[in-house]
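Beneath this line is the structure, given in structure tokens, with notes to follow.
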Amino acid sequence: MFKKLGPGVLVAAAFIGPGTVTACILAGVNFGFSLLWAMLLSIIATYVLQEMSARLGIVTQKGLADVIKQELHNPWIRNSVIALIFSAIIIGNASYEAGNIGGATLGMEALFGMTYSNLYPFILGGLAFILLYLGSYKSLEKVFIVLVLIMSLSFVMTAILTKPDIWELIKGLFIPTIPEKGILTIIALVGTTVVPYNLFLHAALVSEKWKSKDDLKLAKRDTLVSIILGGLVSVSIIISAAAINSEEVNNVMDMAKALEPLYGTAALYFLGIGMFAAGITSAITAPLAAAYVANSCFGWNAGFKDAKFRMIWIMILILGVFFLSFGIKPIEIIKFAQITNGLLLPIIAVFLLWVVNRAGVMGEYKNNMMQNIFGGLIILLSVLLGAKSILTVLGVL
């Protein structure tokens, strides 16, 4: 089964980053198992959108931004949407990259101590650079399969250590409840899982691996297995965090310290390995997605090892290491990125649903009625997420 896995693994690795880990920890610490249903809803929404994106990539053999440029004929609308995509993905990923490397740094601190912690961002940046510069898509895929499996095992083992109440767990997954002050956490859980840049990344990656429409079944299975693996990680983090009585927990290392007296040093190491894998995979996929988006926006038609393609991901990687190493928090840039991402998600969700219903683009592989029903519901969800993101930045929420 693992030999057949492909681009979906990179997508799963991309959404299980430090932001998702933190949101899941806060959900577990503050609300126990009661928000597991929101995580399940997020996974379903992610699968529906990513399956559409992968199908579009295989049928058209183009990236999502390429299809947008092809199908939006009004120059003003087309240029505005492309500018929004570029702003949200390139600038957004540059500003968030420090957080990805920072998450992996926390994992290294848990595993190797604090003695050389000031060097960890440079080590991680160098590791990401080597994997992206020397690797091909196929080699990168193999690395990610290993990292995602390690991450999954680490967080699942931590959850098992806490010996959760199975009945309460099932209730949390399948009986929706909204606890007092829980609505923003629900939105955070969905918002860190349904990620706009993954739609662009997935459409681009599937055309690297699969060239024939006969491979659609493989792509669908790859997406399903990978998203389920990612969901298992998120659910495991919530379960682990629910075992903590203290509310003084803000990140994965706080959780490790809280669990250590009860479950021994195994909790520290499992969480350290998991956080390292979550951080380093996101630190690689964010620059990679930015490069694919720039490639489409500018119409470069550049290959994986083309100088222009490399220039984009190198820039994102350097900015991430720079911001983290020197303690710089580009607040205004991050706010701008949050607003553009808040606008981008519903626009892209609407466009994606529209284009996968066009017989001229998809032929016999266009959406069926059930896919459209799910797609419509997810668009409503994406509008809520986008509005929340923008209102939070503007200080309304």
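Go over the candidates D214, D222 one by one and state the one that is among the charged types (D, E, K, R), more than 23 Å from the chain's Cα centre (by Cα) and either part of a helix (DSSP H, G or I) or closer than 15 Å to L153 by Cβ (or both).
From the options D214, D222, the qualifying one is D214.
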Within segment 91-167, helices (runs of 4 or more DSSP H) holding 2 or more residues that are farther than 21 Å from G327 by Cβ and out of contact with any Gly (no Cβ under 8 Å at 6 or more places or on another chain):
120-134, 137-161
Identify the single condition in (1) in a helix (DSSP H, G or I); (2) open to solvent by 10 Å² or more (accessible area, probe 1.4 Å); (3) touching a Leu at 6+ places or on another chain (Cβ under 9 Å) that I228 does not satisfy, given that it satisfies every other one.
(3)
Here is a list of conditions, (1) under 27 Å from A104 (Cβ atoms); (2) in contact with a Ser or Thr (Cβ under 9 Å, 6 or more places away or on another chain); (3) open to solvent by 10 Å² or more (accessible area, probe 1.4 Å); (4) modelled with pLDDT of 90 or more, and I312 meets all of them except one; can you say which number that is?
(2)
Among (1) in contact (Cβ under 8 Å) with a residue 60 or more places away in the chain; (2) farther than 18 Å from G19 by Cα, M114 falls short only on (1)
Scan of segment 133-144 for residues that are of a type outside the set (D, E, K, R) and either buried (at least 19 other Cβ atoms within 10 Å of the Cβ) or under 14 Å from E208 (Cβ atoms) (or both), ordered by number
G135, S136, Y137, S139, L140, F144
For I160, work out the one condition from (1) at pLDDT 90 or above; (2) open to solvent by 80 Å² or more (accessible area, probe 1.4 Å); (3) farther than 21 Å from I16 by Cα; (4) not acidic (D, E) it doesn't fulfil.
(3)
Checking the structure you have, find out if any residue of segment 258-269 is free of Cβ contacts under 8 Å to residues at least 60 places away in the same chain, charged (D, E, K, R) and out of contact with any Phe, Trp or Tyr (no Cβ under 9 Å at 6 or more places or on another chain).
yes
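Checking the condition open to solvent by less than 50 Å² (accessible area, probe 1.4 Å), out of contact with any Gly (no Cβ under 6 Å at 6 or more places or on another chain) and within 21 Å of A23 (Cβ to Cβ), which residue from V293, V252 passes?
That would be V252, the only listed residue that is open to solvent by less than 50 Å² (accessible area, probe 1.4 Å), out of contact with any Gly (no Cβ under 6 Å at 6 or more places or on another chain) and within 21 Å of A23 (Cβ to Cβ).
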Kindly evaluate K142 against the criterion of being modelled with pLDDT under 90 and out of contact with any helix residue (DSSP H, G or I) (no Cβ under 7 Å at 6 or more places or on another chain).
yes
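The values are calculated or read from the model by the stated rules, or taken from the named source; none is laboratory data. Remember, predicted model here, so these are calculated numbers, not experimental data. Ideal geometry is used to build each Cβ from the backbone, glycine not excepted, and the neighbour counts take in all protein chains shown. Ligands, DNA and RNA are excluded from the accessible area calculation, which covers all protein heavy atoms including side chains. Shrake-Rupley method; radii C 1.70, N 1.55, O 1.52, S 1.80 Å.
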